[in-house]
Every structure is written in C-alpha cells, then in structure tokens.
Protein chains: 4
Amino acid sequence: MNRIRYLVNLSYEILDPTADFLLRIEAARTGRQSIVSEHLAITPETPATRYTDPVLHNRLLRIRANKGHLAIRYETVVEIDHRLDDGESIRQVPVAELPFEVLPFLTPSRYCESDRLMEFAMREFGGMRPGYPRVYAIREWVRNHIRFLSHSTNERTSAIDTIVERTGVCRDFAHLMIAICRALSIPARISSSLDYGADPAMGPPDFHAVVEVYLSGGWYLLDPSGVSIPTGLLRIGTGRDAADVPFAAIFGKVQSERPYIEIEALTDSAVGIGMPLATTHAISTW
Amino acid sequence: MNRIRYLVNLSYEILDPTADFLLRIEAARTGRQSIVSEHLAITPETPATRYTDPVLHNRLLRIRANKGHLAIRYETVVEIDHRLDDGESIRQVPVAELPFEVLPFLTPSRYCESDRLMEFAMREFGGMRPGYPRVYAIREWVRNHIRFLSHSTNERTSAIDTIVERTGVCRDFAHLMIAICRALSIPARISSSLDYGADPAMGPPDFHAVVEVYLSGGWYLLDPSGVSIPTGLLRIGTGRDAADVPFAAIFGKVQSERPYIEIEALTDSAVGIGMPLATTHAISTW
Amino acid sequence: MNRIRYLVNLSYEILDPTADFLLRIEAARTGRQSIVSEHLAITPETPATRYTDPVLHNRLLRIRANKGHLAIRYETVVEIDHRLDDGESIRQVPVAELPFEVLPFLTPSRYCESDRLMEFAMREFGGMRPGYPRVYAIREWVRNHIRFLSHSTNERTSAIDTIVERTGVCRDFAHLMIAICRALSIPARISSSLDYGADPAMGPPDFHAVVEVYLSGGWYLLDPSGVSIPTGLLRIGTGRDAADVPFAAIFGKVQSERPYIEIEALTDSAVGIGMPLATTHAISTW
Amino acid sequence: MNRIRYLVNLSYEILDPTADFLLRIEAARTGRQSIVSEHLAITPETPATRYTDPVLHNRLLRIRANKGHLAIRYETVVEIDHRLDDGESIRQVPVAELPFEVLPFLTPSRYCESDRLMEFAMREFGGMRPGYPRVYAIREWVRNHIRFLSHSTNERTSAIDTIVERTGVCRDFAHLMIAICRALSIPARISSSLDYGADPAMGPPDFHAVVEVYLSGGWYLLDPSGVSIPTGLLRIGTGRDAADVPFAAIFGKVQSERPYIEIEALTDSAVGIGMPLATTHAISTW
C-alpha cells in the first residue's frame, strides 16, 4: 500500500470573450487506486461540469471561463495498492477471448501507427513466447534503443518518428511501445500519470506517460522510459494515446503557463504505508 | 422512407490451425435505420459471439475458425428514414455544450491528423459562419480539390497524404473531411456504409465510407466523394476513422477473396417506399 | 547597380581532438555579382582549402581545426547589378531545350518532394500560360497561403510539411515554391543569400533563403516569403535545396554559437550606386 | 574480366502532340567498364541529343517525339574488369580529405533522409572501426532486417519508410543503405545497373539498383539486397538516389509499356573471359 499527495496549479490568461477547457487533472478512482481526500478550486469561481467515463474511469472537468485570468488548483491524497504478479505466469489473451471493450486498444491510433510496424514487430519479437516476458522484452527494447532527450520531439511526434529518430521523452517511449504491442495483437494503451519519484535533474515534476497492456485478464503497467518507480505512479487517465488524455484541451485564444506540480509519497509505518519500491514483479492496475 | 436489400459473401482460406475474425458487416440498428429481416450463415457452421457497442450501436461479430475454408453470408433488408433538415438553421455546438460521449470525435486519430491541419482549416474556413453551411463548404472543398482515382492509395494513406497528393478513394475523401472538421472543433466521424446506387463504371458494389458531423444536437451525414445518394446509404458502423471500422480484422494466416456484395433499393409505392433521392437538405442520421 | 557590405563572425568550441568544417559563407562571383573586397580571418590561424564549383560558382571553404576555440570572420563588399526584365515576355523553356546542367533542378530533392505535388500543382497552376507570370503566381500562392512564424519548423521540415501545416520560415517558403515549380517541369533551386534590408522586428540579420527558377535561358530570382527586396540580395550559393547549401556543415563534436551577421547597403551617388529598390520587373541573376 | 550483353526495348504511345524523353539506358564508360559494341535504334527515326556528365560519366539521351508510337531499342556488349581489393585494408576517408566532387554524396536526398537516421546509425554502427568492414556490416544489417517483397513499395517510398516498414525492393534496400552510410559521414550513391544473373523466380530481367560508397580513394560496390553477383553488374549511371537516375523521365501524356530487357554473361575462355563469380573481396568500380 502506498499513499501519494499530488497538487497541480494551472494558470491561464483568456484573451477571447470566453474559452472552453477540458481538463484531465483529477486522480482516477480504480480498483487499485482510491481517493483519501481531494480539493478543487477555480478562481474566479466558475461552474464546472464533470464526467467520468463509464469504461475507463477517466475523469473529465469541463469549464467555460470568461476573458481574464483563470487559475485552477487541485490537490489530492490517494492510496494505491497495485497487485504484484509473477510475470512468468502471465499469458497473452487470444483475440477470441478479449473483452469487447478492450478491442479498441488493438487498432492503430494517431500516435501509435501499429499498422506500419507489423513486419518489424514480428521479426523482432514474433518468435518469443507470448505473455508478459515478451511484453517486458518490448519494454526493454524501447528503453535500450531510444535515447531520452528533452525537447527533441513535439506534440506531433508519433511512434513512427520515434523508431526512425531514436530520441524522445516519456510519451514517445510510451507511444512506440504501444504501437509495437498492438502490431503483435496485444492490447495496449497510454496511462497519464504522476511520478512521485521523478529525478529533479530532469526538471520540475510533470505529468508522466506510461503504458498499460492487457494480459491474462487484466491491465499491467510498464514504464518503457525506465525513469519511474511504477508502484508509485498515480493515475489520471488512460486512452489510446496522448491524443485521448491531454491534461488540458483548450478551445479559444488563451495564454498558458507551464503547470506547477507537487508530488510526494507519504508514509505511515503504523498502518503499513511505505515508500513505493522497485519490483521485479508485474504490476496489475486492476 | 427507403428500403434497401444488402447481401455480402466473404470467403477465406485459413492456413493456420485457427484464426480469429472480427467482422463488421451487419446493418446497424439506429433511430433512423431498422432491420426488416436479416440472415447470417457461416460455413462450416462455427459459433460466433456478438457485441453491440452501447454508445455507437456498431455490431461486431467474432468468429474463431479452424484451418480450411470459411464462408460467411449475410443478407438483410433494412428501412431507412433519415430526417431531412434545413441546413441554414443547423448551428455548430460549442465544446462547452457537447455531450461527453461526442468528445472523442474531436481528437486526431490514425488517419485524421487534425492537429496538423489547424492553420489550413482556420485560414480556409475559419472566417465562415459556423454551422451546417460551413461544414457543407468543407465537403465541397474536399470534393473539388481531390480527384477520385482507384488504387491511388492504400490502407496506410491518411488525411495528410491526401491533402498533399490530392487523389484518393472514398475513405480518403472521408478522412480528409473529418480531419478538417476536427481542426475547427467540429466533431466528425467515419461511417462505414453501403451505397445502393454505386456507379457500375467504378467497379462492383463495395463498402463506402462517408462522414458524419455533430451539429445542433445530432449527427449529420455528408459524402465528400460525391458519388452516392446519401439518403440511400445503409449504415454498418461508425468510428473515429477507418481503423475503427474495418469490415474484417483478421488475426492469423488467412487468404482472402474480395468480398462479393449486392445492394439494391426496393420500392413499394403502396406503402410510400420509393427510390432514394438526392436532396439539398441536411440529412440527420438520428 | 548596388553595393552591399556583409560581415559574418562564426564561433565554435571544438570538443573532439579535431573537427572538420565545410563553410559556405563567402560571396559568390557571378555574371551579376562581383567582389570589390573581401577578407577572411581564422583564429587560431588554421589552413583552409577552397573549392569553387565549376557549374554553380558556389565557394566552399574546408577547415580542419583542433580542439579548443575556433573563430572565423569574413567580410566583403560586393557589387550587384541584376538585369531587370519584363516578366510578360519571359517564357518557360521546354525540357527538350534545357541545358543539360539545368536538368538536376527538375528532380525531387530532400526538402522539395515535387513528385508528391504533381496533382496539386497541375490543378492549381496547370491551366495558366507557362512563363514568368505563372511562376509569379506560384510565388504569390506560397506567400499568401503560408504564415511566417519563427521557430515553427526545424531542419527536418520539408515542402510536404509546409503545404500541410502552412507555417514556416524563409527556407520553408523557398522549398515549397521550388517543389511546386519542379512539379510543373520548371527548373528551380534554392539560393542562400543575405538580405540587407531584413526587418529588425524579425530578429538580428541572418542568412536568407530565396528561389531561382530557370526561364527564357536564364535564372530568375523570387522571394516567396516576401520579406526581402530581391535586388539587394547578396548570393552565397545555390543548390537543389537547403541540404546542398548549409552555411556550415560540421563533422565532429562542436558547440556552436549563433552566427553574428552585419549587412548593409552602401551608396555612392557620384557613381550611380543607390539603395536597392523594389521592382515589378523580373530579376535575372545571370 | 567479364563480358555482358544487354538489350532493352522501350515502347511508348504518345498522346500529346509532342512529348520529351530523358532516357538513361546506355551503358556507362568508366575506368572499369568499356563498350565493345552498341547500337541504338529509334522508331520512327527521331533526332536524339546526347549528354555525358563530365563528373559521373552518366549518359543521357534526350528525345522529342511526336504523337503516336515510339519504340527505342538499345543493345550493347560491354567488358567489365572490376578491381578486387582486400576489404580489411580499406579505410574511411575523413571529410577533410574527400575530393570536393564527392561531397554531394554526403548530404540527404529525396529518398535518403540521412539527417533523420543519425542517432540510429551512430548507435548501431558508430562503435565499429571505420572502413570497409563497417560498410559491409551496414550492408548485412539492411539485408537481414528488410524483407524483399515485390510491389510492397512505390516510387514515393524512401529510406525512412523502409526502416519503418521493413519490406521493399532493390531500390529500397539501396536507399536505406545509402542513408545509413551518409549518416556516418560515408559518401554513398545509387548505381543503376543490370544484373545478368537475376533470379527468374523474381520476374523478368529488370534494372537493378545497388550502392557505391567512397572509401580509400575510390568507389566500392555493394548490393544490400543480396540478389546479384556484383562482379557481373553492368552500370548505367550513378546519382544521389533514384530521383537522379530513372531510366526514363517523360514529359507529356504518354502510355508506357514495361521495358523488355535481355541480359546475359558472355564467356570466351580463350581470352580469359569467364562467368561473373561471387567474391569475398571488395569490388572497386574505378
């Protein structure tokens, strides 16, 4: 069991008479992640409508704000209790047995053009025994063949660009791993998260993109960038790729500041809540 | 009111011990399309599982078949009763008022990279009054700037390729129109259909891809390729783009024949069922 | 007749034991551009080999330098005497009559994928009477459909990206115009230049990329970005596209500073040397 | 010493009043390839102008033909006497020592976007000792990671597409190998050739694209597709990539038939002319 405190401050200057915001900043409630407390403040006070996706549990906040300054502050404490499984025993689920709502995560998407990576994926990973070890081999391939390089990519960069240019940031690592998995008929999706243990050398805390794959009847979490301790990842939302889960989609002329984020692991030895730890086990998020 | 008979025969030779098929060939049941009769035959007899998407009403057929020949025959008669609206009065829905389940149709997808067309879309259509006339102008732009050219594209061709190379088939026209709409914050999706009136000069009847846009609280149908009479289009399914609605997704080593399709408009003047007619009205599918 | 003074300072920190530099910074000698004076200084003193391309007259400077600081200073005064022709009388040269050494400027190149723009170019400009007015119409199309936006592109951006995304800097404008011309069988090339009259609002003086097209037996200069006064453009070199004429190609681990450039028009009314002036005539560089 | 007979028949139906042809079908004269006999026939008799590139020795034939049928027949016998070198002793030439006319083969071109493959090339081959063995390792990598698949690509396919999709034909293998070499500062170019020993299972004889790299003061020939015996390759021309050396560039509305080609190795044991043989040596074309 881990406990994570997370705070985000967003700050905008709206130049149009009104602007619409779709925000994905609130912690998800899942079978493995519960919210101990949370607080949202919008300044100036502005009505917000909320939506929780019935399948993915993503939470969406919609705000129509008027010209001028808009500040959003969200703070939460969540408890995360991932199930740790023995990777060796986790098998790939044949397409014939996949739940129907998992099928969309087999198809190519904006940033994960799996249809173009079939030959590569089959050649490189097709001969391995299907299951978690193969997925882990994909994660290792991505981690070892792509160089983490800040500012080397932009919001248009896709898995195809990354397999060509071999540099990127966390979302590029995630997109490439997702695309390779789908090319092998393994359902895969992006998870927009927060990493409590982000290396300060890599800049201030920020949203972190990781991968979930569907195996043996559940979703398993992997971080192909290798920078986080996955047991400490707090989930915001999941989707086909980064196009589905931007933390802010803005409609209207707006100047944005970089989000300010705090994230920390809380401990309470009396009740068995410790620091997130690295593990060699597979991490199931459901 | 129109009545359409549609028949499809699929024929496969399975080379692996088993292969899995996800088929999207059955007519959708929607508020505007009802099924008078339908019949599905799988030879050799093989169990199929079915799924109807609760939001989009798409029907999916999943079959696990064994080595050897597999034939699927589906025949249906459907009644279609599209609502015809006056385009002038149909307005664009602000993002703040869109139903949440419509939001996924605003984001870029595999074949509709709307994020790269923002400047073009704003420059070309941004100054027009939002609503159906602007959407129709987009449809006209696509129809007039792209040349229908069989075999000029393939299953990897996207809206970006089409705006560059200016040739394509129906799905390319659809993808480009969808991408432009989304770049203007207009929800848009692909509709996999059958066109009863396909020009024999363009080859045997085939699946036909058209566009639906969300305006004034409902989805409206447009055919940017200009080859169909939209009131006679029978819907199979809708999705973000062609990646979501292939008529057949096959997992395993399989040889395919080109699908055989029959499609015709049935008339019965006694009960007011005539031929689908061209219309200058906007066609709502809900 | 115009007289331009141009100075460039390059400054590098070489981290490897040695590094090789190919520099294209010296003013070209052409039938219309003569060098009044020039001076090159390399610090520390380092031998340089020189090469002048026999066909294009480009001058190349090759330097092998050792670890540590390297500074290059080049200053020149040139006289430019472009021939001004009446555009209406300038015709397109049929491929059958083009000089053989002009043919390479008909083929697609790294940043000018003219092969993908054939349909667009024919559709948009194919109906116009061949010759300078059509080339000028292409220049106007590019200028009016692309937005000058600093830092919107990078060194990998090509004409295809620009026709999609519709923003760019001078080299992107040049690449797109070149690609369109070649798609219409009009030889076109890039010219790496200096623009004496660069708008200070657009940043400090920098190299400027413009276009030359081959018509009526000679090369004509056009600036599709519209920011320069073409009669005052000092030529460094020409090539198929920016890949051929980088001001510095560096082999080895080197830290670079942004080049410092001064450029000014000198006048001497006694001998009829005035300021470069805008003209409605076609400007021949040979 | 080898002797090769090569015949090509081209057949066109010209629909416009006139059309221009640039043909690259004649055997090159190089230091290692001499022409024993050759004969060109154009029907109907039509004047042709010829051009031999002073640097590359490529021969170009330009024909302006009138509406109607045009047939071109070219037949030649050439002698080829490649120098075979010990690969171990062939070193890479530093940029500082490259002949200036070789420098264009270092830059990215239409189908060889070497600028995007720098990280990959350095990571995969950067640690190897420069020289022929490293170049051969690149050839082996391409041969082993790309699958020869007829009709899997088209005339727009570039090295970037090939490294992503991992299938292609000979020109795709060549473009990828060239791009990787240039990314490592090794000059590389395409060579349009004829392969006397083409496997009949791969279809009728056709033009064959291979690679030349500049090492130790000369150009060396490699076939990354692995289908030819390089000592028996007859050269037509060389260039930066396939954009420079199409066997026919046609300007005007013309219907083309697939070229008919015959190619065979002639032997004459009396004078020591045998069949081209496979060799483990490096093959210098100069």
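If we count GluC sites (Glu not before Pro) as exposed when they sit in a DSSP loop and have at most 16 other beta carbons within 10 Å, what is the longest stretch of chain B that avoids them all?
Values: sites that count: B:GLU45, B:GLU155, B:GLU257.
Segment B:46-154 is the longest.
Note on the protein assembly as shown: antiparallel DSSP beta bridges, both residues inside, total approximately 95 percent of the bridges counted. For B:VAL93, nonlocal amide neighbours, meaning residues 5 or more places apart or on other chains whose placed amide H falls under 5 Å from its own, are B:SER216.
Rounded to the nearest 20, the Cβ-based charge dipole of the protein assembly as shown about its Cα centre (Lys and Arg +1, Asp and Glu -1) stands at 0 debye. Listed by chain and number, the lysines placed with their C-alpha closer than 29 angstrom to that of B:LYS253 are B:LYS67; residues fewer than eight positions away on the same chain are left out.
Taking a ≥ b ≥ c as the square roots of the eigenvalues of the alpha carbon gyration tensor, the range B:194-260 is oblate, as a/c is not under 1.5 and a/b does not beat b/c.
Quick one, what does Rg over Rh come out to for the range C:83-242 if you take C-alpha atoms and the Kirkwood Rh? Don't skip to the end; give the middle numbers.
Values: Rg = 14.6 Å, Rh = 15.6 Å.
Value, to two decimals: 0.94.
Given the Cα atoms of the range B:5-164, and with Rh set as the inverse mean 1/r over their pairs in the Kirkwood sense, what is Rg to Rh to two decimals? Can you show the working numbers first?
Details: Rg = 20.7 Å, Rh = 19.9 Å.
Rounded to two decimals, Rg over Rh is 1.04.
Do the sum for the protein assembly as shown: with -39,500 (n - 2.57) for every DSSP H run of n ≥ 4, divided by all residues, what is the mean residue ellipticity at 222 nm, to the nearest 500 deg cm²/dmol? Before the final figure, lay out each step's value.
Details: 16 runs with 172 residues, N = 1144.
Result for the protein assembly as shown, helices only: -4500 deg cm²/dmol.
Normalising the Debye intensity of the range A:79-137 to I(0), with uniform scatterers on Cα atoms only, and taking log10 at q = 0.23 Å⁻¹ returns -1.18. Across peptide A:54-64, the mean count of Cβ atoms from other chains lying within 10 Å of each residue's own Cβ comes to 2. The alpha-carbon atoms of chain B, seen along their principal axes, cover 58, 48, 40 angstrom, with the largest extent given first. Put simply, the amide H of B:ARG83, placed in the peptide plane, has neighbours under 5 Å in B:SER284, B:TRP286, leaving out anything fewer than 5 places away on its chain.
The amide H of A:ASP16, built 1.01 Å from its N in the peptide plane, has A:LYS253 as neighbours under 5 Å, considering only residues 5 or more places off or on other chains. Phi angles of the range A:270-286 translate, via the Karplus equation with coefficients 6.51, -1.76, 1.60 and θ = phi - 60°, into HN-Hα couplings of 4, 10, x, 9, x, 6, x, 10, 5, 9, 8, 7, 7, 10, 8, 9, 10 Hz per residue; Gly and Pro are given as x.
In the protein assembly as shown, Rg over Rh equals 0.97, where Rg is the alpha-carbon radius of gyration and Rh the Kirkwood radius from pairwise Cα distances. Modelled label positions at C:TRP286 and C:TYR51, each set 7 Å beyond Cα in the direction of Cβ, lie 2.2 nm from each other. Would you mind checking the range A:178-196 for residues with the amide N under 19 Å from a putative spin-label position 7 Å along Cα→C-beta of A:LEU277? Inside the label zone: A:196. Per-residue Karplus couplings for the range C:134-140, computed as 6.51 cos²θ - 1.76 cosθ + 1.60 with θ equal to phi - 60°, are listed in order as 5, 4, 5, 5, 5, 4, 5 Hz, Gly and Pro entered as x.
Between C:GLU38 and C:GLU97, take the C-beta separation as r, use R0 = 60 Å, and let me know the FRET efficiency to the nearest 0.05. About 0.95, to the nearest 0.05. Per residue of A:153-166, other chain Cβ atoms within 10 Å of the residue Cβ number 4 on average. Distances between copies of D:ALA96, taken at a point 7 Å out from Cα along the Cα→Cβ vector and listed shortest first: 5.3, 6.7, 6.7 nm. Working note: Karplus 6.51/-1.76/1.60 with θ = phi - 60° gives the range B:258-264 the couplings 4, x, 9, 10, 10, 8, 8 Hz, where Gly and Pro are set to x.
Readers should treat all values here as calculations from the given coordinates under stated rules, not as data from a laboratory. These numbers were taken from a predicted model, which means no experiment stands behind them. All Cβ positions, glycine included, derive from the backbone under ideal geometry; neighbour counts span all protein chains shown.
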